[in-house]
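What follows is a set of notes on a single structure, which appears directly below.
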């Protein structure tokens, strides 16, 4: 495809329009398309009504080079997408015995018999390719027609995501919608906007043959993707060399290669060091602990967390001295550090991370208005505190304070881990 | 308006299509429209491109009785919505000195001077009404044309939500898109599906004159809204009588009048009782504590939480006996209760709530597969444990376990609070 292809996505389902379920597929497909250098032109959320589906689809088909639909492929009668789109395309639905075979096998695996109603899912467009669904009954469909492409995917994310990754991306590369990437590498950054990151790395990346550069911003982080169109010109090692130069230029704001969360980065650093962590939270009230405990296998590193919202709990559980709370207040450098060291002692961990602050809407002072947050950090190498000032509402301040704590710890950990390694090397304990 | 009006929403912004920001406005407007008995037909997410905005808008205008747009009303040049839609409608944009006045006043309040660029926001359609924006610079617009309605709202939620509540709903009622409600009452339920709830209450509600019944499902709860079209026929007291009958029929699954979260319901019950709470979490790792600490003023009730992910922490912090962990395992009735009572003791609270379980993907046993969760509850009236079995992935199991714990506590609290009150009355301590 020579010019930029126009892509539209259609996410089907009444529950999206009624606010019962969030339109996560829009986000997922947006990030995936952006990663491959394609910016979707529009997303249509259409209710389960055949006339609407037909009409929206027909208009979109006229405008677009590629349409991706999600949902509406189930066996029940309110899943009418196949029929409505066949109608709009002037395609005939044909029964495909291979689909029936694979659905029957899936039911057998579950020890059940296939209900008659699932026969509806065995129809496909005459000229389409079936995308197999190892995680559910609804197969996907892939159709090339009139120089355009249609991809139809099932609604459940656990079925849709692997189908997109394994069966759709290669086909879109072959069709020239996505650049046909031989290999790629991703860097994650935190603390830089997309344009600031671009300004930093573009001098290193411009005029490199066979290189495609992509950016993707999400949840306070910006990903940089370096892809090679031809591994004979730019191979994995070449990409890695470029990435290493970018990493050096980006400095502290470099988070990781790949797409780890901030908590996962900390988890890996601590595992490598064979060190453990505990958390003490006041205003974030469990959000930092929750970021760690969402990682499977975290118990090797994460000893636990104390949500000490009430001052009494700070005294009782974390042994923050009462006189310190009186003198400096609960939102202070001193208390942040005492909470972090208290967490280390109570949970018997090597490292401690704490957050205390005024999330709002009330509770601030003239010197420390709502949004004033102190972070505390305790490590075998020393203790630190840091003040941040936020300007959102309670929910946003809590979320941002948690992210700031994680990002700060990952920076500290990397910086002082290296020092530690150097110190150990100087002392002759390890070879560098 | 005699027939059901067709409503479409258009949410503008590249960042939605690229997956940088979630399309929360779709959810917000979906819930609001459903509450007023209107099911939107479609939502279009359109990038900041004048040709696309014009063409999508023109098509939607042909189909719809009401269009609501969000976003694209800012002062910068990539905010082109006003111009593109004026073009599609054949409307002229006119400069409105009153808009300039109010924007200048807003900047003055902030101690700043209005930049020239904001003059772009002072244009409105010739025949439109301006919706004032007390929380930002971009005014909204309301237009009646060709028997159709257009509502244009700013993108930031803190500006859009109050504008919708205070200025749009009354206008849509007046225009007959929303039924003109004299008064309404909302009941929140948990544990019932929408159709099960309808089957329970419909016999009480059918044939009641001037009554409109609406349902709205979200995040495991279903809201029932009872509205009166005419307060001379059905007044607030009449609604309350109906709601009380519904409440009685719904029984334990009734959560509250209004739209409190489960944690807020528990907060209020405990405040009324002048009692306090602590939480101990293993697999949910901070999610339950976080649900409480998102409530402003919670420190009056919530003493704190312990995230005891590691068994050592259960022993050290909560004083769960080591021998109990060995004999029964960390995921057991005994440990759940010991965690709840341990939290009470450590944080000096009257009530304790705990969660321990296998969230996955690994860690289950043959008897207790992944998804097996024990909840523990300690109260002045006794201790309880409950087992639940979930079948999702790690993230979904964690989320559902946290919700289940909160819903269970609210049920227990309400049930045994009443008993407590009756017992106190029997003992002659209070008058009923």
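Each reported figure results from applying straightforward, stated rules to the coordinates on display, with no laboratory input. Note that the coordinates shown come from a computational prediction; the quantities given were computed from them, not determined experimentally. Counting neighbours? That spans all protein chains shown, and the Cβs are built from the backbone with ideal geometry, glycine included.
Give me the distance between the Cα centres of the range B:139-204 and the range A:119-157, rounded to whole Å. Centre-to-centre distance over Cα atoms comes out at 37 Å. Nearest-to-axis residue in chain B, judged by Cβ distance to the rotation axis that brings B onto A and given in whole Å, is B:286, 2.
Computed per residue of chain A from DSSP H runs no shorter than four, each worth -39500 (n - 2.57), the mean residue ellipticity at 222 nm is -12500 deg cm²/dmol. Across the range B:183-257, the mean sequence separation of Cα contacts (distance under 8 Å, 6 or more residues apart), normalised by length, yields a relative contact order of 47 percent. Sequence-distant contacts, meaning Cα pairs under 8 Å at least 6 residues apart, place the relative contact order of chain A at 9 percent. For the segment B:140-147, counting C-beta atoms of other chains within 10 Å of every residue's C-beta and taking the mean gives 0.
For the residues B:207, B:244, what sequence is obtained by ranking on other C-beta atoms within 10 Å, fewest first? Please list the in-between numbers first.
On the way: B:207 6, B:244 13.
Placing the least packed residue first, the sequence is B:207, B:244.
By the beta-carbon count within 10 Å of each Cβ, the least crowded to most crowded order of B:353, B:317, A:260, A:110, fewest first, is A:110, A:260, B:317, B:353. Give the average, rounded to an integer, of partner chain Cβ atoms located within 10 angstrom of each Cβ in A:23-36. Per-residue shielding by partner chains comes out at 4. Highest GNM mean-square fluctuation among A:66, A:200, A:18, for chain A modelled with Cα contacts below 10 Å: A:18. The angle separating the long axis of helix A:194-205 from the principal Cα axis of greatest extent in chain A is about 80 degrees.
Each copy carries a label point for residue A:90 at 7 Å from Cα toward Cβ; from one copy, the others' points are 3.2 nm away, ordered from shortest. When the Gaussian network model of chain A links Cα atoms closer than 10 Å, the mean-square fluctuations of A:48, A:146, A:223 top out at A:146. The mean number of Cβ atoms from other chains found within 10 Å of a Cβ in peptide A:293-301 is 5, as a whole number. Distances between equivalent label points of residue B:389 across the copies, with each point positioned 7 Å along Cα→Cβ, amount to 5.6 nm, shortest listed first.
Between the Cα long axis of helix B:394-426 and the first principal axis of chain B there is an angle of about 70°, rounded to the nearest 10. Three semi-axes describe the equivalent ellipsoid of the range A:144-257; taken as square roots of 5 times the Cα gyration tensor eigenvalues and ordered largest first, they are 29, 19, 12 Å. For the range B:85-217, the relative contact order is 13 percent, taking Cα pairs closer than 8 Å that sit 6 or more residues apart in sequence and dividing their mean separation by the residue count.
Compute the distance from the alpha-carbon center of the range B:1-76 to that of the range A:24-78, in whole Å. Answer, in whole Å: 15. Placing a label point 7 Å from Cα along the Cα-to-Cβ direction at residue A:4 gives distances to the equivalent points in the other copies of 3.9 nm, listed shortest first.
Using a Gaussian network model of chain A in which every pair of alpha carbons under 10 angstrom is joined by a spring, one finds that among A:233, A:320, A:212 the greatest mean-square fluctuation is at A:233. Rounded to the nearest 10 degrees, the angle from helix A:50-63 to the longest Cα principal axis of chain A is 80 degrees. Run through the DSSP bridge list for chain B and note the antiparallel percent, rounded to the nearest 5. The antiparallel proportion sits near 65 percent. For the listed peptides A:405-411, A:55-61, B:94-100, a ranking on the average number of other beta carbons within 10 Å per residue, highest first, reads A:405-411, A:55-61, B:94-100. With the convex hull drawn over the C-alpha atoms of the protein assembly as shown, the volume per residue is 214 Å³. Here B:293, A:276 are placed in order of increasing Cβ neighbour count within 10 Å, fewest first, which gives A:276, B:293.
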